[in-house]
Amino acid sequence: MTTTSDLRSSTSSPLVEDLDASGILTSIRTARATEDAAAARQLTLAAAWADLHPPESLHGAASFTTTGGLGREHQEPIAGPGCPLVAEFCIAELGTVLGITTTSAKKLIGHALELRHRLPRLWSQVHTGAVPAWRARLVAETTIHCSPALTPEAAGWIDTQVAAVAGKIGPAQLDRLVTETLKRFDLAAPDPAADPEDGWQHVDPRHATIDTHDVHYAGTLHVDADIDLADGLDLDRALTHGAAVQKALGSDLSLDARRAKALGDLARTQTALDLFTQGNAGPARSTADGLPVAREVVLHAHFDAEFMPDGQTMFGPTGRLENGQRLALLDQLKSWCGDSRTKITIKPVIDLTHHLTAPGYAIPDRIREHVILRDTTCVFPWCTRPARGCDIDHITAYDHQADTEHRPQPGPTDTRNLAALCRFHHRLKTHTAWRYEMTEPGIFVWTSPHSHRFVRDRDGSTALDPPEPPGVPRPRRP
């Protein structure tokens, strides 16, 4: 019989159990310092990786770039003016080793180069432990993507100001500092209509951002916006009115929920008005009541279904939307179907266990749809680009001369030889030493130029055992 004390001793480290309150605080502070030092070391290594892959490593590929096609590798500026350029395709391997997307790896290298070359004081503070790496990266992200671009002198002035307070600067303070820098270095022409005494904000903060990739289990997503004062007041009045109307009609939802629904009603009403007034583009599609279709969004929803003994089909309560790989609730889908101005298209189920083939190189729509539904995203490790927007790649290249030379086709147009790859990773596979194979339907094994191997399946990406390091002769002792 296992007692409570036995369970505690088996799940807790004896070193932790022996610590008192003061010891725990000291230990966790040490752990944080170790974590910060490791993050600083990671920035140093990321910059060193970039040093190993300058534009000269492209083998003349910079002059072999095509717009919108599978052009070869080209110079990729990922930090501000004055930082060295980096060979584009080297970023992917660093990302896979770290278990992050290529975009995240690009940001890591870009931040490292921005700090080392344009924010040297902050770079030094990161490595002395005065500023944590995450805070320095926030500053680097701002200076990299500032519009208009910061000159090296302007970036250096920001570096001086931020370093003076040991990097302890918030987003609002940083925005004001960037605005002051743009004015100080005259990096943008002033607005002639602006009052010189009031100053001119060169950085326009207005935006409306809808995070379609992070969906709550309640079927909601986050909306964030900075809009003009007059627009904000008008929107507030419209939402207040919409919430009041819902309450008068008997809604028992909270005020916040009613305001959120009112925002959605505004969006659908505007869509309906737009469709209704587009007479020049042809008649707008309408429903039985003569009103235009309000929702013109194409969504691909997938739900698991179980056939019951009585012949009924039982659907699971949750599914997924291909658009952003988002969570979908069955009740939410039912409410959409119940809207008279919502158009619903039911497509037949595709059996992903069957293999489909086609003659020639072109990929028919039925095979393309099969691959999209099977792979769901780009199959490169840790890439999350939806498959519906990806290229369909022949894993083993199609030989266009095989038929004319009466040879077997090594890369047939077959679902067992096709995979979804986003344009960047398609180019990566085509023009570098990256290789992959499909071991089972939907399961891919990738090998990087430095022999790191990764498995990508429907559950995500996994790194396999790292390659054996090359033999290094041990130094002789005197």
Original post:
Which residues, taken from the range 360-378, are at positive phi and either aromatic (Phe, Trp, Tyr) or outside any loop (DSSP other than H, G, I, E, B) (or both)?
Top reply: none
Original post:
Limited to the range 425-446, what total is found for residues that are within 25 Å of residue 87 (Cβ to Cβ) and among the polar types (S, T, N, Q)?
Top reply: 2
**OP:** Can you give me the number of residues within the range 89-104 that are buried (at least 24 other Cβ atoms within 10 Å of the Cβ) and of a type outside the set (Val, Ile, Thr)?
**Re:** 2
**OP:** Working carefully through the options 240, 277, find the one that is modelled with pLDDT of 85 or more, β-branched (Val, Ile, Thr) and farther than 20 Å from residue 221 by Cβ.
**Re:** 240
**OP:** Go through (1) touching a helix residue (DSSP H, G or I) at 6+ places or on another chain (Cβ under 6 Å); (2) at pLDDT 95 or above; (3) not in a loop (DSSP other than H, G, I, E, B) one by one and return the number of the condition residue 381 breaks.
**Re:** (3)
Subject >> Conditions (1) at pLDDT below 90; (2) under 21 Å from the mean Cα position of the chain (by Cα); number of the one not met by residue 46 >> reply: (1)
Subject >> Condition met for residue 118 (free of Cβ contacts under 8 Å to residues at least 24 places away in the same chain, among the basic types (Lys, Arg) and over 20 Å from residue 33 (Cα atoms)) >> reply: no
**OP:** Working only within the range 124-147, note down all residues that are crowded, with 16+ Cβ neighbours inside 10 Å and either without any contact (Cβ under 8 Å) to a residue 24 or more places away in the chain or among the small types (Gly, Ala, Ser) (or both).
**Re:** 133, 136, 140
Original post:
Taking the range 81-92, which residues are in a loop (DSSP other than H, G, I, E, B) and out of contact with any His (no Cβ under 8 Å at 6 or more places or on another chain)?
Top reply: 81, 85
**OP:** Considering only the range 94-129, state which residues are over 19 Å from residue 174 (Cβ atoms), under 17 Å from the mean Cα position of the chain (by Cα) and of a type outside the set (A, V, I, L, M).
**Re:** 95, 96, 99, 101, 102, 103, 104, 106
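The values are calculated or read from the model by the stated rules, or taken from the named source; none is laboratory data. All of these numbers come straight from a predicted model, not from anything done at the bench. Virtual Cβ from ideal backbone geometry, glycine too; neighbours counted across all protein chains shown.
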